[in-house]
Amino acid sequence: MNPFKAGICIAMMLLLAGTVGACKTQQKAGFFDLHPRILIHESDLGSGKNLNLSVVDKRRRNILLRKDSDRKIKSGRALVTQDHHASVQLDNTFQKIAEEAFQLQGYHTDGKGTGSPREVTIYITKLELRFRLARTEGADGQYQIQVRLRSKMKVAAKNRSITFGKEYDFFIKKSYDTLPSKLENEKMLNYGLTQLLHQIVDDPKLNRFLTG
């Protein structure tokens, strides 16, 4: 093993040894609570129009945070030792909050509005956290745990016989000196869902299409 690889292994072992408590939290907490927020303000944009909204979970895997390889786990170098999922069904949770957001804009999602219903289908295509050990800048050669969140959604809308489609994505990364807690991971996931919801509901092109 060359000196650089040996240095990485040593740094990883020291980092993991100093974060045993946090690692135990990751092992025991196999589920994340997802509760995105609504950022928009109340308006009369929808003018009481009917809106049929549905959310479909189209992710290839329903895992929010994937465990490291068995080889890493056995060697003691793993940052995540088990898969993590949503504690509730993601599409149902997101649909409820999305309906509330469109209702704030003046739409009716219960069929009691006016006019022929506009149709909006939101496809959740990606929501995933990833951990990696990253070397910090500077001469001290310290290492941090970098957490990356990638999230994507696609909207397919219909207003009478006309259709509209668009993809939305959000990416963020944060660095930690120790393994982030379950709460910190949940905050990051919910932040990503909140930002995507805001992108969709506050999209001028989608709004013009639905109100036309």
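Laid out as a table, the results:
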{"item": "Failed item in (1) at pLDDT below 90; (2) surrounded by 15 or more Cβ atoms within 10 Å (Cβ to Cβ); (3) among the hydroxyl-bearing types (Ser, Thr, Tyr), with Ser75 passing the rest", "result": "(2)"}
{"item": "Total residues in region 33-56, condition crowded, with 18+ Cβ neighbours inside 10 Å and not in a loop (DSSP other than H, G, I, E, B)", "result": "5"}
{"item": "Region 139-181, residues that are surrounded by fewer than 18 Cβ atoms within 10 Å (Cβ to Cβ) and either among the small types (Gly, Ala, Ser) or not in a strand (DSSP E or B) (or both)", "result": "Ala139, Asp140, Gly141, Gln142, Ala156, Arg160, Ser161, Gly165, Ser175, Asp177, Thr178, Ser181"}
{"item": "Qualifying residue in region 103-115 (condition: of a type in the set (A, V, I, L, M, F, W, C), surrounded by fewer than 19 Cβ atoms within 10 Å (Cβ to Cβ) and modelled with pLDDT of 95 or more)", "result": "yes"}
{"item": "Subset tally (residues that are under 16 Å from Asn207 (Cα atoms) and β-branched (Val, Ile, Thr)) for region 104-118", "result": "1"}
{"item": "Neighbours by Cβ (under 7 Å, 6+ apart or cross-chain): first from region 142-158, closer than 17 Å to Pro180 by Cβ; second aliphatic (A, V, I, L, M) and surrounded by fewer than 17 Cβ atoms within 10 Å (Cβ to Cβ)", "result": "Tyr143/Ala11; Tyr143/Leu133; Tyr143/Ala134; Gln144/Ala134; Ile145/Leu133; Gln146/Ala134; Leu149/Ile172"}
{"item": "Any hit, region 94-108, residues being in a loop (DSSP other than H, G, I, E, B), within 20 Å of the chain's Cα centre (by Cα) and closer than 17 Å to Leu196 by Cα", "result": "no"}
{"item": "Of residues in region 59-72 being of a type in the set (Lys, Arg), within 18 Å of the chain's Cα centre (by Cα) and loosely packed, with under 14 Cβ neighbours inside 10 Å, the one nearest to Glu167 (Cα to Cα)", "result": "Arg60"}
{"item": "Unmet requirement for Ala134, which otherwise passes all of (1) without any contact (Cβ under 8 Å) to a residue 12 or more places away in the chain; (2) more than 22 Å from His41 (Cα to Cα)", "result": "(1)"}
{"item": "Condition check for Lys24: among the charged types (D, E, K, R), surrounded by fewer than 14 Cβ atoms within 10 Å (Cβ to Cβ), modelled with pLDDT under 50 and part of a helix (DSSP H, G or I)", "result": "yes"}
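The values are calculated or read from the model by the stated rules, or taken from the named source; none is laboratory data. Owing to the predicted nature of the structure, the values given are computational and were not obtained by experimental measurement. Positions of Cβ are backbone-derived with ideal geometry, glycine not excepted, and every protein chain shown enters the neighbour counts.
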